[in-house]
Each structure stands twice: as C-alpha cells, then as structure tokens.
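The values are calculated or read from the model by the stated rules, or taken from the named source; none is laboratory data. Since the structure is predicted, the reported quantities are computational estimates derived from the model, not experimental observations. Every residue, glycine as well, gets a Cβ built from its backbone with ideal geometry; the counts of neighbours run over all protein chains shown. The protein model used for the area step is the full one, side chains on, heavy atoms only, and it has no ligands, DNA or RNA in it. Shrake-Rupley method; radii C 1.70, N 1.55, O 1.52, S 1.80 Å.
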Amino acid sequence: MQFTSTQKRVAAWLLIAAAAVLALRALGPVLTPFIIAGVLAYALTPLVDRLDEIGNGRMPRVVAVLIVELLLALACMCLVLLIVPVLAKEIPLIREQLPLLLDRANVAIKPWLAQLGIQASIDLEGLRAMLMRYVSTNWDDAFPSLLSSLKLGGSVALMIIGNALLIPVALFFLLMDWKPFVARALELVPPRARPGVDSFTAEADMVLGQYLRGQLLVMVTMAVYYSTGLALFGLDLALPIGVFTGLAMFVPYVGFGIGLILALLAGLLQFASAKALLMVAVVYGSGQVLEGLFITPRLVGERIGLHPLAVIFALLAFAQLFGFVGVFIALPASAVLLVAIRRVKAGYIGSSLYRSR
C-alpha cells in the first residue's frame, strides 16, 4: 500500500505529537519547574519589554528582569500572608467556639429527628472531648510532626525545595532570552510549514493574551466583590478571605470552593448562628451567578470561546496528565488547543472528504 506525501507528513507529525506527550508524562516531575517558569516567562515578558522601553535602552535588561522577579516574589508572599492570619485566628476560635456549636447543633437536631420519628441519643460530652483533644493535639504537635515528615520523606522535601529554587532561576534565564529562545525553536520548523506555523502562533498568542488579561480583570473584580460582600455582613476576616477567593479563581472552581469553605468556617466561628450560612449563601451564591453569567463570559469566555463543560473537562484531563501543575496550565493550554481545533475543523470542512457524497 502506497502512502501519499500528505499522508506521510500527517503521520510524521502525529508520531512527533505522541512522542512529545509520552515524554511529558514520563518526565513530568522533572519538567514541572520548567513548565511553570515557561508559563510565567510568557506572561511576564511583555512587562520586562515595557520596562526596557521606559528606560529607553539605558536600563540593562538584567535589571528589568530582576525588578519583575522581585515584584512576582512580593506578590506570592502577599498571597501567602493572606492565609496566615486566617489560620492564626481560626484555630483558637475553633477551640473556643466548638463546644457552643456542638450544643446548638444538638438542640437543633434532636427535635428535628423526633419529628421524623427517629430517636437518637448523642453522647455530646464524649464527642466534644474527642474533638477538642484532636484539635489541641494536632495544633500543638503540628510543627514537630512537620519536621518528622520532612525527615522521613527527605526526597519529597528536597524535590519541593529544589523546585522552589529552580523556578526563579529558570524564569530568570527565560526572561533574559525569551525572544532568541522562541526564534531558535521556530527555526526547527520546515520552511514550507513556516507560514502556517507563524499564523498559528500569532493567533494562539492573541488568544492567550486575551485570556490572561481577561482573567486578571475577573480576579481583581471578584476579589473586590467578595471582600465587600463579606465586610457588609461584619466578618472580621472579610479582606483576606475575599482577596484570596478572588485571586484563587485563576484555578476555576477550585479557588472558589476553597474560598467558600474558609468563609463558612470563619462565619460559623465568629457568629455561631445561621447568619454564617446566610452570608455564604448570599455573597458566594450571587458572586457565582455574577461571575459565571456576566463577568467571565464577557471578559474571558467570549474571547477564547471555551464552554463551561470544556473548562471542567480541561481541568480534569490536565490534572490527570500533569498533576497539580496541570490544573494551572489547563485553560491556557486549552486556549491554544482551541486554535488548533478551529484550524483542523476549517481544513476538514474545506476538504474533498467533507464535500464528497
């Protein structure tokens, strides 16, 4: 059986793509810091170029890169510091409010079960003592157990520390030589295919830029909304929880879920009443409707054309393939794949295979 030149080229590209996927899966742990650094370099290169333009060539690029990396480190530190006060305040509140919450739950549940004809005897004192002992023991022993786990899993701890050190180093070199690096990669493309590849990369770059700008606007808007909404209900930790929820929405659904749990826990411990449930239902319910139906479709969804079901599938698929890092790169990678799918669809519709009867 003889194959045409077109069939041979398609088969060759399919083999290359399959080999690339297998290599990514096999080398996932090794490639993780480089993938993160690559995504960050793509997003931050325009900022470095902008600093170069502002300096009119008098500012060395290395200085611009160091400034951008310092700003990124400060942003990550601020995000971590948003969680620290939440944990520092919630753990003591759990110790104080847990007995009261159990008493109220017992008073509320017993009559409801009696109406249903269910006679239940709850050992409230035993449950309270067990939970208090668990909370106190785990909080007091958290640091020693962390040190113990680091000693037992030294390779895991070493990998985490190594990645934390390698990511900024890789990011530095990528930001320094991003354009030459991309140019050398494009030199590997056969001359006949370069017009198509240049067109594809330009369209993918446009879609990714729209996605990143739109997602940034969504994060800032929702951070302001959640902080304001929680503050109106009188939640003490409204600012850190609201800002964290908004910024964590970079990972769709996951960030929203974590923020909702934090707000519910903080509300129950502060108010110890149904006001916490009302607060979460109103603020997060209306926020999800506002974000899902109006903000994200207009700022992100309409720009890249991803359906909500496609977003969920992309998150699950990339998480399965690349682990936790896959969750972060799911939507940007899906935007690039969407450009490829559009081109494949256009080529198929314009082919004789589609038009033949």
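Got a number for carbon plus sulfur as a percent of the range 213-277's accessible area, 1.4 Å probe?
Carbon and sulfur together cover 81 percent of it.
So how much slack lies between LEU22 and ARG343, counting 0.36 nm per residue of separation and subtracting their Cα-Cα distance, in nm?
Fully extending the segment from LEU22 to ARG343 adds 113.2 nm.
May I ask you to evaluate 6.51 cos²θ - 1.76 cosθ + 1.60, the Karplus curve with θ = phi - 60°, for each residue of the range 202-214 and list the ³J(HN,Hα) values in order in whole Hz, giving x for glycine and proline?
Couplings: 5, 5, 5, 5, 5, 5, 5, x, 4, 5, 5, 5, x Hz.
Filter the cross-link list LYS89/LYS110; LYS89/LYS275; LYS110/LYS275 down to pairs whose alpha-carbon distance in this structure exceeds 28 Å.
LYS89/LYS110
Compare the peptides 69-80, 41-52 by average per-residue count of other Cβ atoms within 10 angstrom and give them in order, highest first.
41-52, 69-80
According to the square roots a ≥ b ≥ c of the eigenvalues of the Cα gyration tensor, what is the shape class of the range 207-357, taking rounded for a/c under 1.5, prolate for a/b larger than b/c otherwise, and oblate for the remainder?
Here the range 207-357 falls in the prolate category.
What FRET efficiency comes out for the pair ALA274/ALA88, r = Cβ-Cβ distance, R0 = 25 Å, nearest 0.05?
0.40
Where only protein heavy atoms count, and the probe is 1.4 Å, what is the accessible area per residue for the range 203-286 in Å²?
With all protein chains present, the range 203-286 gives 41 Å² per residue.
Provide the FRET efficiency to the nearest 0.05 for the LEU72-LEU293 pair, computing r from the beta carbons and using R0 = 41 Å.
Taking R0 as 41 Å, the efficiency between LEU72 and LEU293 is 0.80.
Please work out how much length the chain gains when fully extended from ARG50 to LEU217, using 0.36 nm per residue of separation minus the C-alpha to C-alpha distance, in nm with one decimal.
58.1 nm
Could you tell me the calculated FRET efficiency between TYR253 and LEU353, based on Cβ-Cβ distance and R0 = 30 angstrom, to the nearest 0.05?
E(calc), rounded to 0.05, equals 0.20.
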